[in-house]
Structure formats: structure tokens, C-alpha cells
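Let me begin by presenting the structure, written as C-alpha cells, before commenting on it.
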Amino acid sequence: MLQPQSIYRSIACSVVRGSLAIAVCLCFCVTPNTVFAQSDVDPYATNGYAPSGSSYGFPTTNIFTSPPTWLTSGSTNSYTGIPAVGTMLGVDPASRLWIRGEYLHWWTEGMQTPALATTSPDGTAQAEAGVLGFDNTAILFGGGKINDGSTPGLRIKGGFYLTPTAAFGIESEYFSLAEQDDGFSGGTGRDILARPFYDTNADQQTSQLIDYPGLVDGSLAIRSDSDLRSFLIAGRASLCPTCGGNCVACRNTDRVDWIIGYRHVRLEEGLSFSETLESLDVAAPGTVELSDRFSTRNEFNGLQLGVAYQANLKRIWLESLLRVAVGQNTQKVSISGQTAITEFGLTENYSGGLLAQQTNSGTYERDELTLIPEIGLTLGVRIFDWMHATAGYTLVYLPAVVRPGDQIDTDVNPNLLAPPVTPLTGSQRPEFRFVESDYYAQGLSLGLQLQF
């Protein structure tokens, strides 16, 4: 039997379960001079938690397979409800295989952008219409963060323990968030609409007019998109700090798993502009169709390291997860622009739009060493021995990523605008340079876990 002080320590240990102080908790759960009858049965298998006759703070029946009291009539031996999946398949229900599906509701770090669309009150002079810096200029889109709301997603996890004692196993995980999009649409019908930029030749703020009474009639559409997904495959080893080996030897009902494997993360985003302009000047009739596109991709491949601590509280369990991926992030930026001018029935195409010109257009790529930390907390309730309901929280942090809004240079040499001035005079702006920022995704999850 356990000494009273051992029982008190077990109770104290249960209070701090679920914290990240894993080693401290496990080391005090059992006194060094306490000896248990050793068994080849693992405490995480279906019949390993409480040996016959034991009463060290846990029920003598198995906490995985004993049915909930609301499903029984009388003793647990009279239970005739839904059998274990493993039993239905004709195999020992040792819970060596598990699959979990989760619905995600996450929030992500928004994309920072400069002011992209502006307006001014009726009667504003042409030279001031939509120009930043004037009191009567209002920003319609941009000038802050976009794509910073919540989004749904899906995560699928699964694992298989290679040994009956559940000491070693493999697991896999995949999650994907629904595409986030934000945008703006305006023009035709709005008195003044413009796209602001900085004129490097005149050394002052100015704007490209899209809608201005008596001068031009047009429309502008801006669209952004963001997509995050991740894949993981790793091995798990159950190690106990108390004895230095598998927790079977220590008879711990909680478990500590060390994780090592491969992690892939991909963040793809884009920001596009589309304009259609019609000149209202009878001396210079014609139409202009213009487009800009900024897209980025961050593709991470690296080593996944981590530790998971699961505290088992009868029919409730709580898992704390800490993981860090170390590897290479391939940053890729693509910038392109196009302008088509139609006059007297003839159309001419030019490379470059407004913010995407020949001076910054192209595809740029580089590799950066990156660390991706992640924390997670999952609460599980054993509905049946083969079905658990789960709820949790996850935070994933991606440092030093490239995002479309950061790659926009609003300094423009107007001699580059179609039709361009040749030979070109003035600055080589806009220009490209890698600009990094941080990204995080965090939120809640609800799921079901099946064990076989």
C-alpha cells in the first residue's frame, strides 16, 4: 500500500496537471521508496491503468473502457451498450490506433498595406483629388490591416502505437484554413475615386484619377487572398522523467511523449488590382484597362521537435503541447502589371500597371532559416472507450514571412506609366526589396476522436 504522504503527493500532483512543468509533476507523483508490482501491461493500454486491487486515487475499473454511469444500470458488469470499435472489428481494443477530426475557428494576423484607394468631396480641384496629405482626402481601402478577421478550417490528426505497451508510435497531422479574402469595389457612380502614389519626379504626393467629373469615368476592384496549410509526420516516444524509461515501470497514469519528425507549412497570399478607365475628354478619347498583381509564398520544410503531456482525470483528459519546427523557409515574391490602351479602335499592350512596373516586376526567391513555435491545449471527454469529444486552443507563430502588402512601393516615376517615356529619365521606382513581417494563426477547435 502507498504511504499517506504518497497519497497526498498524488493529490497535489493532480492539481498541477496540464501545466508545462512536466518533469516536476511526474517526479513527485511517486515516492522513491514505493514499490509497485510490475507488469508487462502498459498503463495507457485498455487494461493497464489500475491493477486488480489497487486504490491509489483512481477507480479500480479501467478509466478508458468502463462505461459512463449514465449508460449503466447497476454495476459496470451489466453494461450492454455500444461495444468498443476494436471489439466489433474482432481485435483487442488496446487503443493503439486513433483518429481525430476537428473544426477550427481561428484568427490570423492581418496584412499591412499602404493606402490603396481614396476619394475627395465634390468640387475638389483636380490637382488635390484623392491626394494624401490634404484634409479633405479620405482613404477608402488600405492604410492599415486587411484579412485580419476570423476564418473556419479543418484539422485531421491520427496516430498508431507500434508496440502493445504504447511506448513508441507515429502520428500525422494536416490542417487547412479557408481562404481569407478582403477587397474593395468602386467607380462609375462615385464622383471622385483615385489611387494615391508618390511622384518621384515632382517629389510630392499625387494620385491616378479613376472617377472625376468631366475628365474620366472608370471602376476599380481590389482583391486580396490568404491561404494557410500545414502537414506533419512524426514519431512519438513515451518517456518518464521519474525512472528514465517508459512510464510503465513507474505506473504513472499520466504520460509524457517526446516528438520528433518532419513539418511542412505553406502560407500563400495575393493582392490584385483591376481598373477600367474611359476618357471623357473629347480631344483625347479612349479606354484604358490596367492591372497590378502582388503575390507571395512562404514554404517551410524542417525538423519538428516537441513534447506533449497528457493528464488523465478519470473520464477527462487534458493534453498540453509544445512544439518547435526548425528549418528552411523559402520566400517567393511575384510582381506583375499590364496596361492596354485602346484609341480609335486600336489596342496597344504595355508591361506595367501603376504600382507594378518594369523596375520591380518579376519573381524573386530566397531561403531563410526559421523557427516556428506552436502551443496547444486540448481537453478530452471519454464518451465511450472508442469515442472522445475534444475542445482545444492552438497558437502557431510564423516569424519573418513575406506578405504582398509589404512588397508594394508607392514611390513611382510617372515616366514609366503607359505609354512609357523612352529613353527613361528619372528614378528607377518603384523598386523591389524583400520586406518581412510576422504572422500568427490562433483559435479554437472542436472535434471527435475515435480509438481502435
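The values are calculated or read from the model by the stated rules, or taken from the named source; none is laboratory data. None of these values were measured; they are calculated from a predicted model. Virtual Cβ from ideal backbone geometry, glycine too; neighbours counted across all protein chains shown. Note: areas computed on protein heavy atoms with side chains; ligands, DNA, RNA excluded. Shrake-Rupley method; radii C 1.70, N 1.55, O 1.52, S 1.80 Å.
Is there a residue being assigned to a strand (DSSP E or B) and either under 30 Å from residue 361 (Cβ atoms) or among the hydroxyl-bearing types (Ser, Thr, Tyr) (or both) anywhere in the stretch 314-325?
Step one: filter the stretch 314-325 for residues assigned to a strand (DSSP E or B), giving 316-325.
So of that shortlist, the ones also either under 30 Å from residue 361 (Cβ atoms) or among the hydroxyl-bearing types (Ser, Thr, Tyr) (or both) come out as 320.
Yes, some residue in the stretch 314-325 is assigned to a strand (DSSP E or B) and either under 30 Å from residue 361 (Cβ atoms) or among the hydroxyl-bearing types (Ser, Thr, Tyr) (or both).
Go through 104, 116, 132 for me and flag whichever is of a type in the set (A, V, I, L, M, F, W, C), at pLDDT 95 or above, open to solvent by less than 60 Å² (accessible area, probe 1.4 Å) and more than 27 Å from residue 297 (Cα to Cα). Can you show your working first?
Numbers: 104 fails: more than 27 Å from residue 297 (Cα to Cα); 116 fails: more than 27 Å from residue 297 (Cα to Cα).
Result of the check over 104, 116, 132: 132.
Restricting the search to the stretch 168-186, which residues are small (Gly, Ala, Ser) and touching a residue at least 60 places away in the same chain (Cβ under 8 Å)?
Here is the first cut: in the stretch 168-186, the ones small (Gly, Ala, Ser) are 169, 172, 176, 178, 183, 185-186.
Residues satisfying the conditions are 169, 172, 186.
Output the residue which, of all residues in the stretch 316-350 that are among the hydroxyl-bearing types (Ser, Thr, Tyr) and over 23 Å from residue 114 (Cα atoms), is most open to solvent (accessible area, probe 1.4 Å).
Step one: filter the stretch 316-350 for residues among the hydroxyl-bearing types (Ser, Thr, Tyr), giving 320, 330, 334, 336, 339, 342, 347, 350.
Still in the list and also over 23 Å from residue 114 (Cα atoms): 320, 330, 342, 347, 350.
Numbers: 320: 4, 330: 31, 342: 41, 347: 79, 350: 50 Å².
The extreme case among them is 347.
Name the strands (runs of 3 or more DSSP E) wholly within the stretch 346-452 that hold at least 1 residues that are within 21 Å of residue 268 (Cβ to Cβ)?
Numbers: elements: 346-351, 362-384, 387-402, 436-451.
It comes to 362-384, 387-402, 436-451.
Can you tell me which residue is nearest to the chain's Cα centre (by Cα) among those in the stretch 345-385 that are over 27 Å from residue 298 (Cβ atoms) and polar (S, T, N, Q)? Before the answer, list the steps.
From the stretch 345-385, those over 27 Å from residue 298 (Cβ atoms) are 345-350, 379-385; that's our starting set.
Add one more test, that the residue is polar (S, T, N, Q), and what stays is 347, 349.
On the way: 347: 44, 349: 39 Å.
For the stretch 345-385, the residue satisfying everything is 349.
For the stretch 387-407, check the following and say yes or no: at least one residue is out of contact with any His (no Cβ under 7 Å at 6 or more places or on another chain), crowded, with 17+ Cβ neighbours inside 10 Å, at pLDDT below 95 and closer than 30 Å to residue 310 by Cβ.
Step one: list which residues in the stretch 387-407 are out of contact with any His (no Cβ under 7 Å at 6 or more places or on another chain), which gives 387-407.
Still in the running and crowded, with 17+ Cβ neighbours inside 10 Å: 388, 390, 392, 394, 396, 398, 401-407.
With the extra rule that they be at pLDDT below 95, the set shrinks to none.
Scanning the stretch 387-407 turns up no residue that is out of contact with any His (no Cβ under 7 Å at 6 or more places or on another chain), crowded, with 17+ Cβ neighbours inside 10 Å, at pLDDT below 95 and closer than 30 Å to residue 310 by Cβ.
Any residue at all in the stretch 354-369 that's in contact with a helix residue (DSSP H, G or I) (Cβ under 7 Å, 6 or more places away or on another chain), modelled with pLDDT of 95 or more and open to solvent by less than 10 Å² (accessible area, probe 1.4 Å)?
yes
Taking the criterion of being open to solvent by less than 10 Å² (accessible area, probe 1.4 Å), within 28 Å of the chain's Cα centre (by Cα) and of a type in the set (Val, Ile, Thr), would at least one residue in the stretch 188-196 satisfy it? Outline the logic, then answer.
Residues of the stretch 188-196 that are open to solvent by less than 10 Å² (accessible area, probe 1.4 Å), as a first pass: 192-196.
If we keep only those that are within 28 Å of the chain's Cα centre (by Cα) as well, we get none.
No - not one qualifying residue is present in the stretch 188-196.
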